[in-house]
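See structure below.
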Amino acid sequence: MVCFILPTHVLLELAERGEIDLREAAKAAVASAGMHARRAAVTALVQSLGVEAELMPPPQERKVVYDAQHGVELPGVLRRGPDDGPHADKAVNDAFDNADRTYDFYRDVLGRHSVDGNGADLISTVHYRRGFDNAFWEGTQMVYGDGSGKIFKVGSLAADTSVVAHEITHGVVQFTAGLVYSKQSGALNESWADVFGSVIKQHTLGQTADQADWLLGAGILGTQLPGRALRSMKDPGTAHDFDRQPAHMDDYVDLPDNGDPRNDNGGVHINSGIPNKAFYLVATAVGGHSWEKPALIWYDALATRLQRNSQFKDAAEATVASAKELYGDDEAGIVRSAWREVGVL
Amino acid sequence: MAGGRGPLKVTVVRGGGLAGLVSSTAVDTSALASADAAALRARVQRASLADTQAGAPQPDRELVEILIEDDDGAVTAMNADELSPGVRELIEWVESAPDRTEQLGPPGP
Ligand SMILES: [Zn+2]
């Protein structure tokens, strides 16, 4: 298929003026419309132009898992394809099953097919390096180390739903707001990944906001990192012995983004505690399931309002606007109060 | 660099990552058996730190710094996660060396 990286309205104008093939334009417009609602709107637009376009069927869900065999080459050796049953290797199945839960959540709750909104394969690689204490989003796929037992328990990263959903959400952020991974915009990138990491775990467990632990990576820490989880959205700064996350702007940690590993891209994993706490406050004030109104507000802000260089204040205003548009003044008021409580508004 | 007989110290600092923590591992030839010290010197010579470069940041990707100190001074290679085989070999050796010292802590000063 031809890939037009142009806004839908531009495509349609070009098509109307006969400058590009109508059929291709219509296909591209529909393909680039990620969310269900936009897809429907674009379909209506295309039909109103009288174009006989063959509209694309909804994307198929596809998940694949590779094995780096303790090396650094990505993606590695294919272990489980989209239609394969379980593999003998637990790490492969863990990465597959958690990607499955995350894909289903984005599709069923948010109307989004995969990271790009168009059914891109969810690709995971397990057994990256030897005893590697990390998981990351590489720009096109997820990568999981086994953990050394010192920082992360062996085998715990791909097995934790909140960790996997966190990494996949970095992919969603990349294809939506594209928040730059530095300082406040980077901390927002981190926070949105934590929010959906926790919400998707809650969805999997069927928990209400009051029942949830609001932890990222609960029980996955190794022997050198005493604590109960990687991060706490309810009580930032209390998850483990080296947790320095603030819960209020008064305690914002201003680190430079200078490539020094000691500075964490300008404190992206530290200051995310502030927007994390704001989401927790919204979810508990609204009550019930966090994946209903709260997650829909946060997703709408990400997909339609936040931009590459958005700062905390922009995120606050975006979520207030999304709450007002989707639900009205009461919900907008709850969101505004939460950002005030953490000192952003 | 690192060709002499004086003490040589190599430190690998990892940061960023999913946890955002900073872990550092150091080895010093003055604390190593002579065979190990020779192995470290050989790996430092094979690692061409000039090849290391900073890529675009990727979410939760680790940032790595290698610090090499000897009589001639200090050389630092920043953000060297995607490294040449020689540098990777040096890092792996340091992180599994006998008599290494390890530290883990939060980011920041
Ligand atoms: Zn992250």
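The values are calculated or read from the model by the stated rules, or taken from the named source; none is laboratory data. Here the structure is a predicted model, which means the values were calculated and not measured. Every residue, glycine as well, gets a Cβ built from its backbone with ideal geometry; the counts of neighbours run over all protein chains shown.
The conditions are (1) farther than 24 Å from A:Leu225 by Cβ; (2) within 16 Å of the ligand (Cβ to nearest atom), and A:Tyr144 fails exactly one of them. Which is it?
(1) is the only condition that A:Tyr144 fails.
If A:Ala159 satisfies all but one of (1) assigned to a loop (DSSP other than H, G, I, E, B); (2) within 13 Å of chain B (Cβ to nearest Cβ), what's the number of the condition it fails?
Of everything listed in (1) assigned to a loop (DSSP other than H, G, I, E, B); (2) within 13 Å of chain B (Cβ to nearest Cβ), A:Ala159 misses just condition (2).
Any chance you could count how many residues in the stretch A:137-182 are over 16 Å from B:Arg61 (Cα atoms), in contact with a Gly (Cβ under 6 Å, 6 or more places away or on another chain) and of a type outside the set (A, V, I, L, M)?
So the answer is 7.
Tell me which of these A:Met233 doesn't satisfy, since it passes every other one: (1) within 15 Å of the ligand (Cβ to nearest atom); (2) not assigned by TED's automatic domain parsing to the domain that holds A:Gly288.
(2)
I want to confirm something. Restricting to the stretch B:50-72 and keeping residues that are within 14 Å of chain A (Cβ to nearest Cβ) and assigned to a strand (DSSP E or B), which single residue is nearest to the ligand (Cβ to nearest atom)? Before the answer, list the steps.
Residues of the stretch B:50-72 within 14 Å of chain A (Cβ to nearest Cβ): B:52-67.
Imposing the further condition that a residue be assigned to a strand (DSSP E or B) reduces the set to B:62-67.
Values: B:Glu62: 12, B:Leu63: 13, B:Val64: 17, B:Glu65: 20, B:Ile66: 24, B:Leu67: 26 Å.
Step by step, filter the stretch B:50-72, then rank; the result is B:Glu62.
Filter the stretch A:279-290 for residues that are touching a helix residue (DSSP H, G or I) at 6+ places or on another chain (Cβ under 6 Å) and surrounded by fewer than 24 Cβ atoms within 10 Å (Cβ to Cβ) and give the result.
Of all residues in the stretch A:279-290, those touching a helix residue (DSSP H, G or I) at 6+ places or on another chain (Cβ under 6 Å) come to A:279, A:281-283, A:285-286, A:290.
The answer is A:Leu281, A:Ala285, A:Val286.
Starting from residues that are in contact with a Ser or Thr (Cβ under 7 Å, 6 or more places away or on another chain) and in contact (Cβ under 8 Å) with a residue 60 or more places away in the chain, keep the ones in the stretch A:218-258 and report whichever is surrounded by the most Cβ atoms within 10 Å (Cβ to Cβ).
The extreme case among them is A:Ile220.
Give the residues of the stretch B:1-39 that are closer than 30 Å to A:Ala135 by Cβ and within 15 Å of the chain's Cα centre (by Cα), sorted by residue number.
Hits for the stretch B:1-39 are B:Val10, B:Thr11, B:Val12, B:Val13, B:Arg14, B:Gly15, B:Val22, B:Ser23, B:Ser24, B:Thr25, B:Ala26, B:Val27.
Could you check the stretch A:170-203 and list, in sequence order, the residues that are of a type in the set (A, V, I, L, M), under 13 Å from the mean Cα position of the chain (by Cα) and away from the ligand (no atom under 13 Å from the Cβ)?
Of everything in the stretch A:170-203, those that are of a type in the set (A, V, I, L, M), under 13 Å from the mean Cα position of the chain (by Cα) and away from the ligand (no atom under 13 Å from the Cβ) turn out to be A:Ala177, A:Val199, A:Ile200.
Mind checking which helices (runs of 4 or more DSSP H) fall wholly inside the stretch A:236-345 and carry at least 1 residues that are touching an Asp or Glu at 6+ places or on another chain (Cβ under 7 Å) and either under 27 Å from A:Gly171 (Cβ atoms) or within 14 Å of chain B (Cβ to nearest Cβ) (or both)?
Where helices (runs of 4 or more DSSP H) fall fully within the stretch A:236-345 and carry at least 1 residues being touching an Asp or Glu at 6+ places or on another chain (Cβ under 7 Å) and either under 27 Å from A:Gly171 (Cβ atoms) or within 14 Å of chain B (Cβ to nearest Cβ) (or both), they are A:264-271, A:273-286, A:293-304, A:312-326.
Can you tell me which residue is farthest from the ligand (Cβ to nearest atom) among those in the stretch B:1-49 that are within 14 Å of chain A (Cβ to nearest Cβ) and in a loop (DSSP other than H, G, I, E, B)?
Looking at residues that are within 14 Å of chain A (Cβ to nearest Cβ) and in a loop (DSSP other than H, G, I, E, B), I get B:Leu21.
Mind listing whichever residues of the stretch A:204-221 are within 15 Å of the ligand (Cβ to nearest atom) and either within 17 Å of A:Ile297 (Cα to Cα) or part of a loop (DSSP other than H, G, I, E, B) (or both)?
Once the filter is applied, which keeps residues that are within 15 Å of the ligand (Cβ to nearest atom) and either within 17 Å of A:Ile297 (Cα to Cα) or part of a loop (DSSP other than H, G, I, E, B) (or both), the stretch A:204-221 yields A:Gly217, A:Ile220.
If only one of A:Asn134, A:Asn98 is out of contact with any Cys (no Cβ under 7 Å at 6 or more places or on another chain), within 16 Å of the ligand (Cβ to nearest atom), within 20 Å of A:Leu221 (Cβ to Cβ) and away from every other protein chain (no Cβ under 12 Å), which one is it?
Working: A:Asn134 fails: away from every other protein chain (no Cβ under 12 Å).
Checking each option against the conditions leaves just A:Asn98.
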